[in-house]
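**Student:** First the structure, then my questions, so here it is.
Only the coordinates and a few stated rules stand behind these numbers; no lab work does. Please read these numbers as outputs of a predicted model, since none were measured by experiment. No Cβ is skipped: glycine too gets one built from the backbone with ideal geometry, and neighbour counts run over all protein chains shown.
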Ligand SMILES: Nc1ncnc2c1ncn2[C@@H]1O[C@H](COP(=O)(O)OP(=O)(O)OP(=O)(O)O)[C@@H](O)[C@H]1O
Ligand SMILES: Nc1ncnc2c1ncn2[C@@H]1O[C@H](COP(=O)(O)OP(=O)(O)OP(=O)(O)O)[C@@H](O)[C@H]1O
Ligand SMILES: [Mg+2]
Ligand SMILES: [Mg+2]
C-alpha cells in the first residue's frame, strides 16, 4: 500500500436514470404520493364534485392537516404528542369564555404554547417518554376543557365576528385555508432551511450524536412541542371562530386523523426521517378520500370500513417492508421444493 | 513546547465504579499520543470528558493553559474534536449536514446550504475521501461513515483531534491511509490523541503512549523507549505470554457446509465448503460483501439464487431459511453485537436462554433453575468476568459482551459456527480467549467460518482463507502458509502470486 | 488443550471491573422506583378508607371491582402488545364491543356455545390481521390497529345495525354478571384469574419470553431462532382474547350490548398499564403491575365519584396521576444513578 | 296529526321548483341529511329506516352523513353538502351552538334547511325552514314533573344520572330535569349527579357509587336521562338487594329496555320518544320546505312539528300508541 492521495469508498458515477432513482430513493413521501394519486383518480372518475367544489375539499384537508403539521415537527424528533386534540378543545374553550375576541385569541394561543412547554418540560427536563407524558396531558386538558366550560359548549360572545371569519377571503380561500397554507410554508421552511429546524432531524435521528455535536437537544424539544401546541391551539381557535362556539369535547376525530396523515406521508415515528411535505400529502389523501365518500353518500359504517382499509393498505406498503415480505415469501416457497439429491457430488474446489 | 491540551487529575465514577481515577494526560502540538488499555479501562470515558460530553467528578481540562467549561459546545469551540468510538452520525442526514452537525453555517438562522456543501467538499478533499456529499449516512458503508466522522472532526478546525478506535471497522488499506493522513495532520501542528487496541498501529504512528488500567494511569512512555511486549504487559497488569501467534493442527473431516452458486445483494455467485474441524477464514476489505455472503448462506438474509446444504451425522439437509439453519446446528455470531447479538437490558441468563429455549424447555414452560445452571456453565466456559449471570448484558464491557454472544451458541454443540468480526473492538486479553474458544470448537469437530478484517487474526485462526472482493471469492490460500501480503494482494485486486 | 492454559490463567487474573456493592440509600431509591406503584396503591387505598365515607363498605368494594374488571381484563392482555414494543392495540375498542354484541345477539338465537365460537373467530381474525400487518409487514402498530378499529366498528355497525341487544333477565349470562363471591363479583375473579394466567404466560413460557425479548431487541430475537412474526401475532392474540373476555364480562354485567359500549377503552387501558409501570418502549413491565395500575385508577375514579367530583376533574386527576407516576419513577431512577 | 299531513302529499311527480337544484331537474329530489348519529346508536338505528322509507315514498334521494357528535366534522359535512347543491338539507345539530355558519352558508346558496330531533338556538331559527322533533329540555322537565307527582310533597332525595359529558342532549335533559325540580317541587333535592355516558354498565357503577356517597338511606328517588341508563340505576339498586318498587324512578325514552321496566313496576315513569316519528317527519319537513309549503323562518303553521311526548307510566305502558320503537 503505497501513499495514496485519495481513497474511494462509495459507488462511482451514476447515469441519469441512476440519479433519478437515487433521488426518489432518498425521499420519504413515495407511498403518500401513490395513495394520493390513486384517490385523486378514483375521485375524478366517481365524484368530480370533489374538484369543482375544491374549496370544500381544501377546507377538509386544512381541518385534518393543520394539527398534523405541528405534530410532524414533534414526530421528526422521535417524539409523540397525544395531547393535540385536547389542546385544540381546551384552547377553543379558553377563547370562548373570554368576552374580548382579540384577548381570547391571544389567550388561546398562549394556552397552546404553555401546553407545549409543559409537554416539553416533562419530556426534556424530567426525561419521560413523550407517548406517556402527553397521554397524561390528553386526559388532563380534556378535564380542563370540561371544567372551565362547565361541561357544555360555550358560545362565542362575538358570534358575528366568527361568522365573518368563516367567509372566503380571496376567491374560495377562507382564512382557515390561508392559515393552513401559511403554517405549512412556515414549518416547511423551518425544518428544511432554518438551522434550528433542520436540527430536529438530528435530534430524532441520533439524539446522542446531536448532543455530542453541541446541539441543545432540550431546547429543540421545547421548540418542537411548542410548535405542536401552538398549531393545535391555532386549530382550536379557527374551529371555534368558524363554528361560533367552543366544544369542550371537540377534536375526537382529530388526534387519530392527524397521526394517520403524518404516517401516510412517510414520517417515521421513531424520528429523524420524514417531511412536512409528506404530511401535507397524507392530509390531502385523507381529506379527498373523506370528502369523496361523504359526497357520494356512502353509509357511515361503510365509509369507516373504507377509510380503515385504505389506512391499512398505506401502512403495510412501506416499500422496504414490502420488498422484504415478498422475498421471504419467495424463499419460503422455494424451500418447499427441496432438492433431494444425495451428497454424492465430487468435492469440487471451493473457489476458483 | 507547551501542552495544547491537558487533562488534570480527572476522576469519574459511574455508580460506585471509578471509570476514570485521577488521570492526568497532556499532549503537545504535533504530537500523536496513544492511549491504550483493556476494554473498560476508561479510555472512552476520559475522552468524553475531554470533549465536554461527560462531566468529571473532579479534575479539569485545559486548552492552551485556559480551563474550559464542561460542555460539548465549549469544547468544540476551544478546539477539541472527538471522533467517537460508537459512530455518532445522524443516519437520515446528508454527508455534508453531518459534517457540519451543530455548526451549520447560517445567516439569520437560515442554513447556507451552498456554503456548507462547499466547505464539506473541501474538507473531504483535504482528507482525500471521495463520497457524494448529498448522500444520506444511512446509505453508506461502515467504513465511509467512519471517514465522514473523521471529516467532521477535522472540519471543526481543531487544535486537538481525538480518535477513539477509528480503525476498528477499517481494512488494512483504509487503516494505512488513515494513519498516513494523521501523520500529515500532526506535521501541520495538530495534537492528536489516538486510541486503539491494535498495538502495531500505535507503534507505527504514535510518539507517546499512556496506558490505563481499571481507570488508573499505570504507564506513560515515549514509544521509542518501550516495546509492544511491555505495553501489552502493562495493559493486562502482568506479563503476558504471547501465544496469539500459535496455530493449531487442523484435522478436517467430512464436508459439513456446502454452498453452491450463492447470489444475493452484494454477493456474486459464490461456492463455499467448510469441513468438520476446519476453520475457514474469509478475508477482504470492508464492503467486499463478506457479511452479506455469510448471512445469505445461513438464511439470515434472503438470497436470490444458490443452494446451501449442511451435513450432520451423515444427514444432508437443505438450508432454506434461518430457522432451518438453526435447526441444523448453525450458530451465528453477528458483526454488530449491540444490534444483532444481544438484548442489552436482558440478563446474561436470558440472553443465553434465547436460542436454547426449545432445548431447555420442550414443553414451552421455562424452568428458571435449569436456565440459570446452563447459563452459569456457559459463562464459566467462556470466562465471563464478572461471572454474574443475573447482570444485564449491557453492563459488561465489549469483550465480555462478545463472550456472551458466543456462549449462547455453545450449549447446543453447533455443527457449524459462523463468526463475523469476532474480536472487533475487543481487548487483547479477551481476544486471546475468544481465539481459544474458536480453536477449541474446531478441535471438537465443529466446522467454523470466520470473517475477519484483522489480518493476524485471520492468519492465526484459519486453515483455509478465501479472499473476497466485490462479492466474489478472488482466491483461496492455505492458512498455514499464507501471509498478509498475499491476502491483501487478492483483496485489493492484484494477481495471486503462486505460493 | 494444554497449550491454552497460560491464557486462561492470565485472564483469570486480569481484573475486570468488579462492581462494588451498591450503597444502601441508592438501593432504596431504586427499590422505590421499581415498586412505587405498590406503595402508592396501598397509600391511596388506606387514605381513602380513612377519609372517604363509605369507601370501605362491602358494597363499594364491589363497585370498585366492577369498575376494574372489564378494563382490567383488556389491560392485562394489552400488556403483551405493549411489552412487545408496539405501543398499544387501539382496536380493543372494536373488539370488546364486537364480543359483547356477539355474546348477546348470537346467544339469544343460537345459544352460548355458538356465541363463544363466533366471538373467538372474531378475536382470531383481529389478531391475525393486526399481527400480520405489524409482525410481517413491519407496519406501525398504532396505525394498523387504528385502521382495524375503523374497519371493525364499521362492520359491527353494519351487521348489528347499531341496535341495543339485551339478554333474558334471568339468563345464565345475566346471573353470572350479577354473581358475587362475598363482595367480589365474578367478573373480578375473572380478572384475577386472567392476571395469574397471563403473568405465568409472560414470565414462565417460551412464548412470553420471546415477547419480552422481542420488545428489547427484535433482531437479536430473530437471530436467536424465533419466528418474530408469530410472536407478534401471539401478542395480539393474547390481547384479542382478553378483549373478547372483557366483552363477555361487560355483556354479562349490563346484560345489554351495543356497538358504542367500549368507547375509550384503548387509552384507559393504556393509562392503567403505564401507571403500573410498564414501559411503552417495550421489554420492561409485567402483568401484575398492570393489575395494580388498574386497581389504582379504579380506586381513584371511585373515590372521586364518592366525593361527588365532576367528570372534568376526574379526567384532570387521571392526567395528573399518569404524570405523577412517571415523574416519580424518573426522578427516583435519576437519584439512583447518582 | 303531523303524520297524517305528511301522508296526504305523497304524489310527487312534479319536479322541484327549487332554483338552486343543479342536478335534480327530474323526478328525484336530492337531500342531504346531516346527522350526528346513525347506525352506531340504537336511536339512530331505528330513526334511519322510517326516514329512508319516507324519502322513497316522496321520491327523495337521501345522502346521509354521521358526524358522531363531532361539531367540526358536521360543519365540514355541511360545507360538502352545500357544495353539492342539493334541493334541501336535513340537519340534526351535533352541537346547537355551532351550526349557525352552516345555516348561513346553506341560506346563501339558497338551499332550504330543515332541523330535526334537536332544535337550534332561538336566534338561529330564522335561518331554518322549520323543525320537527322533540324538545330535549322539555323531556327532562316532563320526567321531573313525574318525579314531583311521585314525591307528592314529601321531602325526598334523588340521584341524577346524566348522559355523556359535554353532549348537548345530555346537558338539555339534565337542565330540564334539575330546573323543573327546583321550580316545581323544592321538596325534592338532588343529592348527587354523575354522567352515565348513555351506557347501562357505566350508569350502574356511577349510580351505585352515588348511593354509597350520599348514603342509600337518604335516597328515595332516581332519575336517568334515558331508559338504558335508568336500567343501570335499577340494576344498581337491585344489586344491593333493595326493593326497587320502594323508589321513585323516572327517565326518558320508553325504549325496548325501558317499557318492560315500566310494566314490571320498576320504572315509575318515562317519556315516550318515537324514533320513527322523528325520522319520518324530518323528511316530511324538508319536503314541505322544498315544495314551498313552508318558507324561511318559523312563521308558518307547518314550520314546527313537535313530537308528542306522552308520559308513560304503568297505567298506559301497554297502549299501542306508546309501543316502544328502539
Ligand atoms: N454511561 C455509563 N454508565 C455506567 N457505566 C459506564 C458508563 N460508561 C462507561 N461505563 C463504565 O466505565 C468503565 C469504562 O468504560 P469505557 O467505555 O471508558 O472503557 P474503554 O476503555 O473505552 O473500553 P473499550 O476498549 O471497550 O472501548 C466500564 O466499566 C464501563 O462499564
Ligand atoms: N454507499 C453505499 N450504497 C449502497 N450500498 C452500499 C454502500 N456502501 C456499501 N454498500 C453495500 O454494503 C456492502 C458492505 O457491507 P459490509 O461493509 O458489511 O461488507 P463486509 O465485506 O462484510 O465487510 P466487513 O464485514 O469487513 O465489515 C457492500 O457489499 C455494498 O453492496
Ligand atoms: Mg471505548
Ligand atoms: Mg461485514
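**Student:** Determine, for each peptide in B:317-324, C:69-76, the mean count of other beta carbons within 10 angstrom over its residues, then list the peptides with the highest first.
**Tutor:** So the peptides B:317-324, C:69-76, ranked by packing, come out C:69-76, B:317-324.
**Student:** Here's another thing I want to ask about it. Rounded to the nearest 5, what is the percent of antiparallel bridges among the DSSP beta bridges in the protein assembly as shown?
**Tutor:** Once the DSSP bridges in the protein assembly as shown are tallied, antiparallel ones form about 45 percent.
**Student:** Here's a follow-up. Averaged over peptide B:333-342, how many Cβ atoms belonging to another chain are found within 10 Å of each residue's Cβ?
**Tutor:** That works out to 3 on average.
**Student:** Can you put C:103, B:116, C:78 in order of Cβ neighbours within 10 angstrom, beginning with the fewest?
**Tutor:** Fewest-to-most Cβ neighbours within 10 Å comes out as B:116, C:103, C:78.
**Student:** In addition: Of the listed peptides A:277-283, A:67-73, what is their order by residue-averaged count of other C-beta atoms within 10 Å, with the highest listed first?
**Tutor:** By packing density, highest mean first, the sequence is A:67-73, A:277-283.
**Student:** Rounded, prolate or oblate, given the Cα gyration tensor of chain A, with a/c below 1.5 counting as rounded?
**Tutor:** prolate
**Student:** I need to check one value: relative contact order of chain D, counting alpha carbon pairs closer than 8 Å and at least 6 residues apart, in percent.
**Tutor:** 19 percent
**Student:** Okay, moving on. Compute the relative contact order of chain B as a whole-number percentage, counting only Cα pairs closer than 8 Å that sit 6 or more residues apart in sequence.
**Tutor:** Once divided by the residue count of chain B, the mean separation gives 15 percent.
**Student:** Counting only helical runs of four or more DSSP H residues, what would the 222 nm mean residue ellipticity of the protein assembly as shown come to if each run contributes -39,500 (n - 2.57) and the total is spread over all its residues?
**Tutor:** Rounded to the nearest 500, the figure is -17000 deg cm²/dmol.
**Student:** Within 10 Å of each Cβ in peptide D:142-149, how many partner chain Cβ atoms are there on average? Round it to a whole number, please.
**Tutor:** Counting Cβ atoms of other protein chains within 10 Å of each residue's Cβ and averaging gives 0.
**Student:** So for each of D:287-296, A:244-253 I average, over its residues, the number of other beta carbons within 10 Å; can you give me the resulting order with the highest mean first?
**Tutor:** Final packing ranking: A:244-253, D:287-296.
**Student:** Based on alpha-carbon centroids, what's the gap between the stretch B:414-487 and the stretch C:186-233 in Å, whole number please?
**Tutor:** Using only Cα atoms to place each centre, the spacing works out to 38 Å.
**Student:** Along the Cα-to-C-beta direction of residue B:77, a point sits 7 Å from the Cα; which residues of the stretch B:116-158 have their amide N less than 17 Å from that point?
**Tutor:** B:156-158
**Student:** Continuing with this model, one more query. Please arrange C:194, D:229 by how many other C-beta atoms lie within 10 Å of their C-beta, fewest to most.
**Tutor:** In order of increasing Cβ crowding within 10 Å: C:194, D:229.
**Student:** Using Cα pairs under 8 angstrom and six or more residues apart, how large is the relative contact order of chain C, in percent?
**Tutor:** 34 percent
**Student:** Using only atoms on other chains, find how many Cβ atoms lie within 10 Å of each Cβ of peptide C:196-208 and report the average.
**Tutor:** Counting other chains' Cβ atoms within 10 Å and averaging over C:196-208 gives 3.
**Student:** Using only Cα atoms and rounding to the nearest 10 degrees, what angle (0 to 90) does helix B:428-443 make with the longest principal axis of chain B?
**Tutor:** Between the helix axis and the principal axis of chain B, the angle is about 10 degrees.
**Student:** Once R0 is set to 41 Å, what does the formula 1/(1 + (r/R0)^6) return for the Cβ-Cβ distance between residue B:381 and residue B:478, expressed as a FRET efficiency to the nearest 0.05?
**Tutor:** Calculated value: 0.85.
**Student:** Say each of residue A:25 and residue D:189 gets a label point 7 Å from the Cα, pointing the same way as Cα to Cβ; how far apart are those two points in nm?
**Tutor:** Once both label points are built, they end up 7.8 nm from each other.
**Student:** Shifting gears a bit: Kirkwood-based Rg over Rh for the stretch B:255-491 (C-alpha set), two decimals?
**Tutor:** Over the Cα atoms of the stretch B:255-491, Rg/Rh equals 0.96.
**Student:** If a/c stays under 1.5 just call it rounded; otherwise compare a/b with b/c (prolate if a/b is bigger, oblate if not). Do that for the stretch C:35-332, with a ≥ b ≥ c from the square roots of the Cα gyration tensor eigenvalues.
**Tutor:** Note, shape of the stretch C:35-332 comes out oblate.
**Student:** In nm, to one decimal, how far is the residue D:53 label point from the residue B:187 one, both placed 7 Å along Cα→Cβ?
**Tutor:** 9.9 nm
**Student:** If you take every DSSP beta bridge fully contained in the stretch B:3-236, what fraction is antiparallel? Give it as a percent rounded to 5.
**Tutor:** 55 percent
**Student:** Which of C:113, C:38, A:184 has the fewest other C-beta atoms within 10 Å, and how do the rest follow up to the most?
**Tutor:** With the fewest neighbours first, C:113, C:38, A:184 line up as C:113, C:38, A:184.
**Student:** What FRET efficiency comes out for residue D:301 versus residue A:160 if R0 is 35 angstrom and r is the Cβ-Cβ distance? Round to the nearest 0.05.
**Tutor:** E(calc), rounded to 0.05, equals 0.70.
**Student:** Antiparallel DSSP bridges in the stretch B:255-491: what percent, to the nearest 5?
**Tutor:** 55 percent
**Student:** Using alpha carbons only, how many degrees (0 to 90, rounded to 10) separate the axis of helix D:168-184 from the longest principal axis of chain D?
**Tutor:** Taking the Cα atoms of chain D, the angle to D:168-184 is about 50 degrees.
**Student:** What does the convex hull of the Cα atoms of the stretch D:32-92 come to per residue, in Å³, rounded to a whole number?
**Tutor:** In the stretch D:32-92, the Cα hull volume divided by residue count equals 65 Å³.
**Student:** For a test of the definition: using alpha carbon positions, the gyration tensor, and the 1.5 limit on a/c, classify the protein assembly as shown as rounded, prolate or oblate.
**Tutor:** Note, shape of the protein assembly as shown comes out prolate.
**Student:** Between the stretch A:287-306 and the stretch D:221-236, what's the alpha-carbon centroid distance in Å?
**Tutor:** 36 Å
**Student:** Can you give me the angle between helix D:200-214 and the longest principal axis of chain D, using Cα atoms only, in degrees from 0 to 90, rounded to the nearest 10?
**Tutor:** Computed tilt is about 40 degrees.
**Student:** Let me ask something else. How many nm separate the modelled label positions at residue D:263 and residue C:192, each set 7 Å beyond the Cα in the direction of the Cβ?
**Tutor:** 4.0 nm
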